[in-house]
Amino acid sequence: MKEETFSLMEKLRVKLLTFPSAELAVFDKGKKKLLNVFSQDKVEYVNDKPDVLMFLTGGSERVAINSVQEYKFYLILASRDDNSWASATEVKAWMNQHNITSMLINFEDENVVELINDFYYVRNGIRRLHGQRLGLIGNPSDWLVSSVVSPFIMQSRLGVEQVDISWNDIILDEVKQVAPDFTSLFQANNASELFESGKIYEGLASLVPFYKLNALSVECFSLVNQTSHTACLALSKLNHDGLPSGCEGDTCSAVGLMLSSEVCGVIPWMANTAFVNGGKALFAHCTAPTNLYKNFKTVTHYETDKGLALSGELKGEMVTIFRFENTLNRIFITLAKVTDHPKCKNACRTQIEVQLTDSAQDYFLNDPFGNHHLIIPGDWTQRLKLAANLLRVDLVE
């Protein structure tokens, strides 16, 4: 998890709502109720620009609608006491009619603390995305006909700037040393090939401070064809280091890696949808972040049988699978149970098989957004769905 190292965390802004003539005692009583709901280091009570609307009584509808903005998302908290739920319901209906998305929640529910905690991290993660820079090394691979995001859409929807970089800007032959933590992490039998992978890692890493990058997407096949060496280990290590790094120049997957890194604190595995049949899906690729593995070994790259790639078993009995549509107007999110870690010879080296829900299978067969999907061990669906709400992205489950 990356949560402990999150920086620039802003408190959630909570507005307490009562009938207009309510005395201070009503607010004090409400705050006491909320001591078990809000972590005091994560929230502040405000009169304007709230993130959370907390209904304490009925008769607070006008105050509430005067506090919100069009095209925003709000958490609405209420309970059965003092007509607060009735008031919240009226406001929720009004917001639905005025292009304001919201989620109405019983603040006495046992899961509300976790939800608000997740909302805190998601809200801050999306704020941090604004101003970040994604370096595209080379060009998107020619076969990615549905996985390239317009730089304008990327900037306007997420606040992320695309920086185009040529492979010619990286002089790999000038790299003479490789970081010891790279070679010790992989421990390949082929020392000379491991050094070549390490040079690619050092070359890509050098771009980060020079171009002030927050993430990378690499056109890797042109590199393999030119040098006979792969970027698989380099990308895996960069993800391990905390820098979202995708392959094939897939900018759609890259922004998904960035989103997950900021709102979940985990950089996912970018994987091919290798096969879907009988309610199960096979995913495979060669560049999973090393910290997502139970165990792994270095082997050759699948498509070219050159260089080095990773084969191993991913962590987790359950995984979260998600992907943006390339317009960033929709996002697919599902939770799936891992049923196998196969070793198919005709697919990329790291592989998992999962059991799909009926709706997820329908998505993959009838309305997929593209080939690559992002996979995280564990259940991160709540945070990603909250992110979809905040970004006003339509959810497909």
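The values are calculated or read from the model by the stated rules, or taken from the named source; none is laboratory data. Keep in mind the model is a prediction, meaning the values are calculated, not measured. Note: ideal-geometry Cβ built from the backbone for every residue, glycine included; neighbour counts use all protein chains shown.
General remarks:
- Hey, Asn329 more than 21 Å from Tyr121 (Cα to Cα), of a type outside the set (D, E, K, R) and without any contact (Cβ under 8 Å) to a residue 24 or more places away in the chain or not: no
- Top-ranked residue in region 139-171 [being touching an Asp or Glu at 6+ places or on another chain (Cβ under 7 Å) and part of a loop (DSSP other than H, G, I, E, B); ranked as nearest to Asn389 (Cα to Cα)]: Ser147
- Among the numbered conditions (1) within 23 Å of the chain's Cα centre (by Cα); (2) within 18 Å of Ile137 (Cα to Cα); (3) outside any loop (DSSP other than H, G, I, E, B); (4) not aromatic (Phe, Trp, Tyr), the only one that His240 does not meet is (2).
- Sub-9 Å Cβ pairs linking a first residue in region 182-193 that is closer than 14 Å to Phe296 by Cβ to a second residue that is part of a helix (DSSP H, G or I) and hydrophobic (A, V, I, L, M, F, W, C), at least 6 apart or interchain, are Leu185/Leu233; Phe186/Leu194; Phe186/Leu233; Gln187/Leu194; Ala188/Leu194; Ala188/Leu233, ordered by first then second residue.
- For region 138-197, the set of residues classified as among the hydrophobic types (A, V, I, L, M, F, W, C), under 23 Å from His372 (Cβ atoms) and surrounded by 12 or more Cβ atoms within 10 Å (Cβ to Cβ) consists of Leu144, Val148, Val149, Ile153, Met154, Leu158, Val160, Val163, Ile165, Trp167, listed by residue number.
- Cβ separations smaller than 7 Å between residues 6+ apart or across chains give the following pairs from region 46-62 residues that are closer than 17 Å to Lys31 by Cα to residues that are of a type in the set (Asp, Glu) and outside any loop (DSSP other than H, G, I, E, B): Leu56/Asp82; Thr57/Asp82; Gly58/Asp82.
- The condition (being at pLDDT below 95, small (Gly, Ala, Ser) and assigned by TED's automatic domain parsing to the domain that holds Val160) is satisfied by just one residue among Gly316, Gly370: Gly316.
A quick yes/no check of all residues on (1) surrounded by fewer than 19 Cβ atoms within 10 Å (Cβ to Cβ); (2) touching a strand residue (DSSP E or B) at 6+ places or on another chain (Cβ under 6 Å); (3) free of Cβ contacts under 8 Å to residues at least 60 places away in the same chain; (4) closer than 19 Å to Ile333 by Cβ:
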site: Leu216; (1), (2), (3), (4): no, yes, no, no
site: Ser245; (1), (2), (3), (4): no, yes, yes, no
site: Gly249; (1), (2), (3), (4): no, yes, no, no
site: Ser253; (1), (2), (3), (4): no, yes, no, yes
site: Lys280; (1), (2), (3), (4): yes, yes, no, yes
site: Leu292; (1), (2), (3), (4): no, yes, no, yes
site: Asn295; (1), (2), (3), (4): yes, yes, yes, no
site: Glu313; (1), (2), (3), (4): yes, yes, yes, no
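- The condition (being touching a helix residue (DSSP H, G or I) at 6+ places or on another chain (Cβ under 9 Å) and assigned by TED's automatic domain parsing to the domain that holds Lys11) is satisfied by just one residue among Gly159, Gly138, Gly125: Gly125.
- Residue match in region 90-99 (condition: polar (S, T, N, Q) and surrounded by 14 or more Cβ atoms within 10 Å (Cβ to Cβ)): no
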